[in-house]
1. Within the group GLN348, GLN341, which residue is over 26 Å from LYS31 (Cα atoms) and modelled with pLDDT of 75 or more?
2. Quick check: anything in segment 165-176 under 16 Å from ILE52 (Cα atoms), at pLDDT 80 or above, in the same structural domain as TYR65 (by TED's automatic domain parsing) and of a type in the set (Asp, Glu)?
3. Looking only at segment 161-194, which residues are hydrophobic (A, V, I, L, M, F, W, C), over 18 Å from LEU88 (Cβ atoms) and touching a residue at least 24 places away in the same chain (Cβ under 8 Å)?
4. Residues SER74, SER78: which one is assigned by TED's automatic domain parsing to the domain that holds LYS230, at pLDDT below 85, surrounded by fewer than 14 Cβ atoms within 10 Å (Cβ to Cβ) and over 21 Å from THR173 (Cβ atoms)?
5. Please work out which residue is modelled with the highest pLDDT, limiting yourself to segment 218-257 and to residues that are of a type in the set (Asp, Glu) and surrounded by 19 or more Cβ atoms within 10 Å (Cβ to Cβ).
6. Which of the residues spanning segment 208-223 are hydroxyl-bearing (Ser, Thr, Tyr) and within 22 Å of the chain's Cα centre (by Cα)?
7. Select from segment 93-125 the residues that are assigned to a helix (DSSP H, G or I) and of a type outside the set (Val, Ile, Thr) and list them in ascending order.
8. In segment 32-46, what residues are surrounded by 14 or more Cβ atoms within 10 Å (Cβ to Cβ) and more than 16 Å from SER170 (Cβ to Cβ)?
Amino acid sequence: MQKNKFSLIEMLTVITVILILMTLIVPTLNKLKMKARIVMCAQNLKQLGVLISTYSNDNDGLLPYTRNNPYYSSGSYSYKDKKGYGRLYGSWAGHLIPYMNTDLPSWSRGGYYHDKAKYKPGLKFYKDIDDIAKDSNALSNENYGNWKLLHDMYYEGGYAGLKTLICPESTKTYYTSFIKQNRFVPRISGVLPGRWSNSTLIGCPSSYLCNGSLFGAQANQSQRIEDINKTNYLLLEGCNNIDLSTPIDYRKFFELSTVYGGAVNNVIRGWSKSTQNPNSSPPGMAASFFHDSTEELWYSWRGYMPTSNINRYNKLFYPYAASSYMWDRPEGKTGILVANQYPGSKWQNFEAPFTKGRFSIYRYYTADQKPTYMFGEMNLLIGDLSVRKTHLGWMFENARTLGQNTQ
């Protein structure tokens, strides 16, 4: 009886077909995973919106205060819950901890930072462990100073019932400024020490930022939730390594860069009063758009672009390119163009009549410099507690109306 056997050619054909199918399936699976993380992130914000509303109902209608004060004092009277838990409590996120399903060992906020970072002055790293270092106390007890809590929030996607405070992709999205040092610092608030002191940081780590104007970031009084209109954002994806709020001037938050005045509340990095250097990586934004797979970025600044042209540009070239505007330059307003596809040597693929011939082009590789994630989807909690998934172009177009009643 004759046995059927595969020939070598047949086997190679089958293997080739399998490999082809795998190359088709893997990108699809990656996209599905990314979409799932976007949905999880949106759900986090919805849950946080409910908790914020619950907190407000229990505290005279006020939003949770976020001025980095750990307990009630005469200078910080925007909340009525005078519990004074401790240093994990001094932010909007900290005020929600009692409403979350978690049992903390203590309310302390130990001085544990990525690679044992300190300001001396200037940020210095003293370890190469891609983690927060353990001192002798934490070696014998992982709960000492809430070491375990902080480690899980920064690197594991959350701690117990506090997972709601961490975007599923934030632990894999890194600060741009440290990539060249071969340090991969997760973009989660609190992973680095405060700029002026190693002991100033207060509050529970989170990858979401609150609206500084509404939550009292630079005031002694947060606003009442009943007074917030539907154009106000409450929370959005992002990271500020000193606190958990965006700048009072919401327009600067949505800018790509600022020239005069340098950094804005440590959220947007600028070049101070110096000429911009095209050989350096683009400035960062707090809204880093975690949900993004951009591998290359084309970035440029030149010319004059009125606000009306910025809006037209963003509508016309969504979702491949976006433009921004420098509010801070007293001698003239400079436009900025950014694209996630090759725009041609003179931006001819994305130029409109009002930008023609005005812009040079610089190319950046995210694998080398990890510049700002500008073209992913972004989850945004609006004042009506809904969640919007938006693109950068939408943000620039609408940033002028968001927060308008708080300016």
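1. GLN348
2. The answer is no, given that none of the residues of segment 165-176 is under 16 Å from ILE52 (Cα atoms), at pLDDT 80 or above, in the same structural domain as TYR65 (by TED's automatic domain parsing) and of a type in the set (Asp, Glu).
3. If the condition is that a residue be hydrophobic (A, V, I, L, M, F, W, C), over 18 Å from LEU88 (Cβ atoms) and touching a residue at least 24 places away in the same chain (Cβ under 8 Å), then CYS167, ILE179, PHE184, VAL185 are the ones that fit.
4. SER74
5. The qualifying residue modelled with the highest pLDDT is GLU237.
6. Within segment 208-223, TYR208, SER213 meet the criteria.
7. ALA93, GLY94, HIS95, LEU96, PRO98, TYR99
8. Selection gives LYS46 alone.
The values are calculated or read from the model by the stated rules, or taken from the named source; none is laboratory data. Note that the coordinates shown come from a computational prediction; the quantities given were computed from them, not determined experimentally. All Cβ positions, even for glycine, are placed from backbone atoms using ideal geometry, and neighbour counts span all protein chains on display.
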